[in-house]
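Trainee: Let me give you the structure first, and then I'll get to my questions.
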Amino acid sequence: MTPPINRREFIAASTALAAGLSVGGGAAAAQNPGRGTGAQTAPAAPAAPLTFKTRQRKALIARPTEEELTQIKAAGFDGVEGRVMPPDDAAKMRVVAEKIGLRIHSVTRGWAEFNSADTSVAQKTFEVTEGALRTAEAFGADAILLVPCWIGARQGRGTPVTMPRDWEYQIEFDEKTGHLTRVVYNDNARFAEYIKVHNHATDTSREWVRRLIPLAEKTKVIVALENVTNHLWVKPDLFSHFVRSFQSPWVKAYFDIGNHVRFAPPEQWILALGDQTVRIHVKDYKLDPADPNGMGQGVNIREGSVRWPVLRQALESVNFNGWMTIEGSGSLSMAERSQRLDQIIAGV
């Protein structure tokens with residue numbers, strides 16, 4: 001049995017693969033340096049098809065309704081990610097989905113406010129999350145997506161906080177507490193408030209999520225934490241540390257590919273999270289090299305900056321056999337989204 005590739009070896013190999021794919025339109029051109037220079041060389045042999053031991057299942061986000069489920073099945077998907085609804089309604093929809101041949105594999109809980117200064121707001125958002133766990137149980141799903149909290153005013157909420165630009169982050173943190181001790185190489189004093197609210201968000205999120213564990217265990221539904229573009233846990237090792245700090249099989253990660261491109265290549269997040277990832281949102285993001293803040297824009301899958309063949313190899317490296325759910329790309333038909341996800345899973 002071939003031993004698993006370690007993280008350093010994978011990053012080195014993936015960098016070489018990406019370099020080869022970027023020259024002359026593919027790896028074959030990298031093996032044929034005479035192309036385009038007038039040199040006469042034999043054409044490269046066709047690349048052997050990639051083979052993987054891991055298998056992923058395809059899904060879309062849906063309310064869902066019977067009509068929509070029927071369309072999703074016809075487009076070639078295996079399941080859906082549902083929304084929070086009364087458990088009785090969810091149980092009825094589970095019967096419909098199973099009859100069609102689909103599984104409702106998870107539930108989008110979305111944004112919580114566990115770091116709110118108002119304890120009653122935190123309590124209310126906690127109760128909504130409990131409801132999401134019960135919805136998932138009724139669906140027959142085994143995970144919910146939870147964004148634990150937010151900071152700053154970039155999301156239109158809270159007090160403005162001065163944050164580093166996306167490319168400035170150079171994180172150091174306390175291994176025991178997960179608290180940030182440095183966020184940039186140079187003057188950290190200007191980001192003192194950001195460090196303070198980030199550490200508060202970490203502490204309060206951990207406190208409230210831990211309160212969810214007994215119900216998660218009772219319902220057999222994992223609380224899968226998603227990291228979004230709100231400048232929390234912005235580096236792979238930091239987010240991995242936060243997820244692992246719960247030391248519970250009922251708290252894992254829901255990795256969103258597009259949300260992380262601004263801060264580090266998605267394959268690095270996958271390798272850092274390892275077996276903590278239980279679900280994946282498939283999105284793309286196109287970086288703008290000229291943007292002084294290191295940002296860009298969301299685009300349809302396979303039209304942005306994600307190196308999909310490298311990402312697929314990372315999934316193989318961490319033995320991810322699970323659900324990949326497309327979020328967005330709504331300008332594409334269901335059939336086109338299905339086809340593009342097939343290509344991603346095939347490693348092309």
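None of the figures in this text is laboratory data; all of them are computed from the coordinates on show. Note that the structure is predicted; figures quoted are calculated from it, not measured. All Cβ positions, even for glycine, are placed from backbone atoms using ideal geometry, and neighbour counts span all protein chains on display.
Trainee: Here is the link list: K58/K286; K53/K176; K124/K283; K58/K218; K176/K286; K58/K235. Which ones come out longer than 32 Å on Cα distance?
Mentor: K53/K176; K176/K286
Trainee: Okay, next question. Expressed in nm², what is the orientationally averaged projection area of the convex hull enclosing the Cα positions of segment 87-230?
Mentor: Orientation-averaged projected area of the Cα hull: 10.5 nm².
Trainee: Okay, next question. In segment 210-287, how does Rg compare with the Kirkwood Rh, expressed as the Rg/Rh ratio over alpha carbon atoms?
Mentor: Rounded to two decimals, Rg/Rh equals 0.99.
Trainee: Order 127-133, 243-249 from most to least packed using the mean count of other Cβ atoms within 10 Å.
Mentor: 127-133, 243-249
Trainee: With unit charges on the beta carbon (Lys/Arg positive, Asp/Glu negative), name the residue among G258, I222, W233 whose Cα is farthest towards the positive pole of the charge dipole of segment 189-269.
Mentor: I222
Trainee: Near the amide H of R182, under 5 Å away, which other amide H atoms are found, from residues 5 or more places off or on another chain, if H is placed in the peptide plane?
Mentor: Distant-sequence amide H within range of R182: E172.
Trainee: Could you list L215, L69 so that the one with the fewest beta carbons within 10 Å of its beta carbon is first and the one with the most is last?
Mentor: L215, L69
Trainee: Could you work out how much longer the chain between D187 and R57 gets when fully extended? Use 0.36 nm per residue separation minus the Cα distance between them, nm to one decimal.
Mentor: Length difference between fully extended and current span is 42.2 nm.
Trainee: Stokes-Einstein at 4 °C, 1.567 mPa s, Kirkwood radius from Cα pairs: D for segment 48-154 in µm² s⁻¹?
Mentor: For the chosen part, D equals 85 µm²/s.
Trainee: Fewest to most neighbouring Cβ within 10 Å: what's the order for F239, F191, F52?
Mentor: By the 10 Å Cβ count, ascending, the order reads F52, F191, F239.
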